[in-house]
Amino acid sequence: MPIMSKDEAQALLKKVLSYSKADECEVNLSGTDSGNIRYARNSVSTSGRVSQHQLVVSSAFGKKLGIATINEFDDASLKKVVERAEELARLAPENPEYVPFLGPQTYAESKTYIAATAAITPKLRSDLVEQSIKVAKEAGAVAAGFLEDNTGFVAMMNSKGLFAYNTSTNTNFSVTVRTADGTGSGYATRGYNDITKLDTKTATQIATQKAVKSVKARAIEPGKYTVILEPAAVAVLLENIFFRLDARQADEGRSFLSKAGGGTRLGEKLVDERVNIYSDPLNPDLPTSTWNGDGRPQEKVSWIEKGVIKNLSYERYWAEKKGVKAVPGPDAAIMEGGTKSLEELIAGTKKGVLVTRLWYIRDVDPQSLLLTGLTRDGTFYIENGRIQYPIKNFRFNESPIIMLNNLEELGKVERTVSVESNQNYLLPPLKVRDFTFSSLSDAV
Amino acid sequence: MKRRNFIQMAGLSAGAMMLPFTGFGREVDLAELLTPLMDAKQKKQLADIALNTTRSLGATYTDVRIGRYLNQFVTTREKRVQGVSNTESFGIGIRVIANGTWGFAATNQVTADGIKKAAEKAVAIAKANSKFQKEPVKLAANPSYGEVSWKTPIVKNAFEVPVKEKVDLLLAANAKALEKGASFVNSQMFLINEQKYFASSEGSYIDQDVYRFQPGFTVSMVDRQSGSFKTRSAFSAPVGMGYEYLDGKPEDKISGPGGIILYNKSYDIIEDATMAAEQAKEMIAAKSVEPGKYDLVLEPSHMWLTIHESVGHPTELDRVLGYEANYAGTSFLTFDKWQSKKFKFGSDIVNFVADKTQVGSLGAVGYDDEGVKCKKWDLIKDGILVNYQAIRDQVSLLGQKESHGCCYSQSWSDVQFQRMPNVSLQPGKSPLTPEQMISGVEKGIYIVKDGSFSIDQQRYNFQFGGVLFFEIKNGKIAGMLKDVAYQPTHRNSGILAWRFAMNAITG
């Protein structure tokens, strides 16, 4: 039931709109079917499956908007939900920032749905986890991990003739392997739309290797170091830029993209000229929906080009007020990389620190985008092009903007998952000089 | 960070995007919200369908949670209402033990057929995963309570207060802040009502009606010239209370050092918004802190988060055992430290209790989400680690016979597991006022309200910010500071920080 075909969704939405008496009406419909297994101590701890669907009706009289939602789809319920939205609209205060719904749009066909993922069975889930646990057990180590998969559809239609539909699948996997005595820890994470690409065995082997190699970590002095950040570490830093591209915040003076004296930093060169960041819903390695929640098409957008801020994202009201195109914020982000592998980046490093993962990232100062957080699950000292020994974890205090100014090298791009937001990105490993570690942690 | 506006917004209209948290469920009108969906008898009948289905399929234990979660959000910005929304999420979660292994399934189709299917799925999942199980799940005994109920002791149901009254109050608070020069102000009220029905194969049928309330705001001050900006958040707290929290009774106000006003059992949002704008101006002009070693005097409005992160989380048994190793991490409070019965967590005057019964608190309920009656217990006594937080399938590992009653699930659709109760630092034997504490500090910082926070995965190294920072010089407040964040004085831990910090505790 939760996953409806395009025709089924269209028929249902048409029926809902036929009940509308409002000036404008827009209906959003969605359904998900998701499953997960959580394991720890080499054994499954929890596992479950959730199916849900929902229909949202937005009705407007003039600039007064009412919203009502329901998860029952019989005729009486559908009539009721439309009436309720209209009732709420009549009672609502007028919103001076109300923007009329969009008319018909053209969207490219998305690549977000893979049938194999939608067809996942409890057995496949448990087999994937079994392979992971087996690797850890054979190494005499202890695995804890999480596997989740989602199949979903979204559709929308409004009284101005807009119709949009999309289906998507995805799976995220992460595993932490610890040595039996708890003195070493390693991590790996993978995200795909296609579950057949998920290799839990290899991922767990990598995590196990990091765990074993991180035993007997030495303490070195905090300070400024050249670092090589694996893509999983790059993700949690850079997404703080991706999340904050909103023009209104910048125009209002409360963003790292606000300019002293007024205005924004759009068009300014903010970071190293080798930095190119964009979003592209049709990228085969990171497909996302070709339309966003209010029906705007999602297109390829360049956010930072040769170090220059090329675009800011706009809510429709603010774009109208500013007389610019209402570019929606990205659903995922891609950073262009180089040709070197992680091993080659290490080989070219005289002295430095390999950071495989960062954790608990928080704002310290939103104005300079200063962030704090810690290294975790495998941090290593590099000298003369080789990993010399594991080192104890550091806390860092650093701004991704400063970091992208101190860029030394970019490696080969790969798909990675943010442990903070669960978002997937295409990012390269980065080599950065003068990265600020402020204190040591004994945590393993 | 998890649910920033970066979430895939597909499936949400422009209107729906106005909801501050879209994950909370469906939108309903107020009249419907206030109408009970079904009585306890109907819920019992539905729960029995699940219990009978799973038993017939070989489950040895089952619990069923029928949850109706109601939320109301009222959000404003400067002079206008941004959104008023009522959401409802209704569904059933079924947890079973079959072949000695947990299984869980949830559905929002709360019909005989929907429940039966979910019950079958839960058992199938348990059986599929039992091949990994090293040892069968062992549940601590729990009495059958029969048919019982519990309700948060509220005076005035916030859901019943007309939306207009709420909007007017928020806009009045905004007006005060703007009048005092604020550049921007966002204010909101967030109401929760969890109608939770729990039934287990052991014969408990527990009907609970839980209320929570959080009013608040953020005042922003932007200095366009210098390009700097600061935000001052509200000094309110999330509470297990009704609308009476906004009474702002004079006896609940506390005048603090640096001319601040703090709030205890009730809150004055107009007064606080006025103060916020004035303080935000001062925050911009404040001098930047000199990095170095300082004594800290921490207000409870700040301290709660430091406690939550560095006492609450490391005493969660699931972390200690490694169940959270892949995400939140493990804990420095390892089993051997507890077993030694002499691990010094803090100085002798440090006592922390876990409590799910404290009236008016966020965590207070009658029974937890696996049907265990709630209670209060010691975590740190006279500075020594004496216990953890554990639920039914964990306490046997501690050689204890009773669950601590701290199992929780955020929704009917999520499986319940061990979650932190209220964790509180107890007053000292001869309590001091903040002023008295400050008078004994030569070089220090007085910190009010929680801000930025980050801590490692075993809870050794933390870094906390705050909202207001006052410099202490020779026992006196010497003006406001900015750019303050603190880390433990020794690299090896929160433990030592607690020792250093706990020279004195206020009442």
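Each reported figure results from applying straightforward, stated rules to the coordinates on display, with no laboratory input. Predicted model, so just to flag it, every value in this text is computed and none were measured. When we count neighbours, we look across all protein chains shown, and the Cβ atoms used for this are built from the backbone with ideal geometry, even at glycine.
Taken over the C-alpha atoms, region B:272-384 has Rg and Dmax values of 18.8, 53 angstrom. Take the Kirkwood radius over Cα pairs of region B:295-501, plug it into Stokes-Einstein at 37 °C and 0.692 mPa s, and you get 182 µm²/s for translational diffusion. Given a Förster distance of 30 angstrom, what is the FRET efficiency for residue A:80 paired with residue A:11, based on the Cβ-Cβ distance and rounded to 0.05? The value I calculate is 0.95. In this structure, the residue pairs whose Cα-Cα separation is over 21 Å, taken from A:79/B:166; A:259/B:230; A:63/A:300; A:123/B:138, are A:79/B:166; A:63/A:300; A:123/B:138.
In whole percents, the pair-distance distribution calculated for region B:16-282 from its alpha-carbon pairs, binned every 10 Å from zero, is 7, 23, 24, 19, 15, 10, 2, 0. How large is log10 of I(q)/I(0) for region A:38-115 at q = 0.23 Å⁻¹ when the intensity is taken from the Debye formula with one equal scatterer per alpha-carbon? Rounded to two decimals, the profile gives -1.05. Taking the alpha-carbon centroid of each part, what is the distance from region B:318-342 to region B:157-188 in angstrom? For region B:318-342 versus region B:157-188, the Cα centre distance is 44 Å. Rounded to the nearest Å, what's the spacing between the alpha carbon centres of region A:236-274 and region B:86-147? Just the number, please. Cα centroid of region A:236-274 versus Cα centroid of region B:86-147: 47 Å apart.
Between A:74, A:331, A:434, the GNM of chain A built on Cα springs shorter than 10 angstrom shows A:74 fluctuating the most. Straight-distance candidates among the aspartates and glutamates for linking to residue A:350, with alpha-carbon spacing under 20 Å and chain neighbours fewer than 8 residues away dropped: A:221, A:230, A:383, A:408, A:409, A:434. Can you pull the Kirkwood radius for chain A, inverse mean 1/r over Cα pairs, to one decimal in Å? It is 23.9 Å. Just to confirm my numbers, what's the Cα centroid distance between region A:373-437 and region B:217-269 in Å? First find each Cα centre; the distance between them is then 38 Å. Viscosity 0.692 mPa s, temperature 37 °C: Stokes-Einstein D of the protein assembly as shown from its Kirkwood Cα radius, in µm² per second? The estimated diffusion coefficient comes to 113 µm²/s. Computing FRET efficiency as 1/(1 + (r/R0)^6) for residue B:335 and residue B:382, where r is the C-beta to C-beta distance and R0 is 22 Å, gives about 0.60.
Per residue, the convex hull spanned by the alpha carbons of region B:376-465 comes to 185 Å³. Checking the a/c ratio against 1.5 first, then a/b against b/c, what shape does the Cα gyration tensor give for region A:369-431? The shape class here is rounded. Checking the a/c ratio against 1.5 first, then a/b against b/c, what shape does the Cα gyration tensor give for region A:180-326? Verdict is oblate for region A:180-326. The mean sequence distance of close C-alpha pairs (under 8 Å, at least 6 residues apart), as a share of the length of chain A, puts its relative contact order at 15 percent.
Per the Debye calculation on region A:6-211 with a single equal scatterer at every Cα and no solvent contribution, log₁₀ I(q)/I(0) for q = 0.10, 0.12, 0.18 Å⁻¹ amounts to -0.60, -0.73, -1.08. Note on B:117-125: average number of Cβ atoms from other chains within 10 Å of each residue's Cβ is 3.
Let me see the pair-distance distribution of chain B: every alpha carbon pair, 20 Å bin width, integer percents in order. In order of increasing distance, the bins hold 20, 52, 26, 1 percent. Helical runs (DSSP H, four residues minimum) scored at -39500 (n - 2.57) apiece and divided by the length of the protein assembly as shown put the mean residue ellipticity at 222 nm at -6500 deg cm²/dmol. Looking at this model, which pairs from A:80/B:121; B:131/B:401; B:134/B:376; B:287/B:449; A:213/B:337 are more than 21 angstrom apart at the alpha-carbon? Pairs exceeding the cut-off: A:80/B:121; B:131/B:401; B:134/B:376; A:213/B:337. If R0 equals 56 Å, the separation of the Cβ atoms of residue A:72 and residue B:144 corresponds to a calculated FRET efficiency of about 0.95. Relative contact order of chain B: 13 percent, from C-alpha pairs under 8 Å at least 6 residues apart in sequence. Counts of other chain beta carbons within 10 angstrom of each beta carbon in peptide B:76-85 average 3.
The share of C-alpha pairs in region B:206-321 whose separation exceeds 16 Å stands at 73 percent. Averaging the sequence gap over all C-alpha pairs within less than 8 Å and six or more residues apart, then dividing by the number of residues, gives region B:389-455 a relative contact order of 20 percent.
Annotation: lysines with alpha-carbon distance below 19 angstrom to residue B:344 (same-chain offsets under eight excluded): B:381.
Note on residue A:317 and residue A:115: the extension gain reaches 68.9 nm, defined as 0.36 nm multiplied by sequence separation minus the Cα-Cα distance.
Applying the Karplus relation 6.51 cos²θ - 1.76 cosθ + 1.60 with θ = phi - 60° to region B:273-279 yields 3J(HN,Hα) values of 5, 4, 4, 4, 5, 5, 6 Hz, where x marks Gly and Pro. Partners of residue B:127 within straight-line reach, counting aspartates and glutamates whose Cα lies under 17 Å from its Cα and excluding those fewer than 8 residues away in the same chain: A:127, A:130, B:63, B:135.
Residue pairs exceeding 19 angstrom between C-alpha atoms, taken from B:151/B:196; A:111/A:325; B:156/B:265: A:111/A:325.
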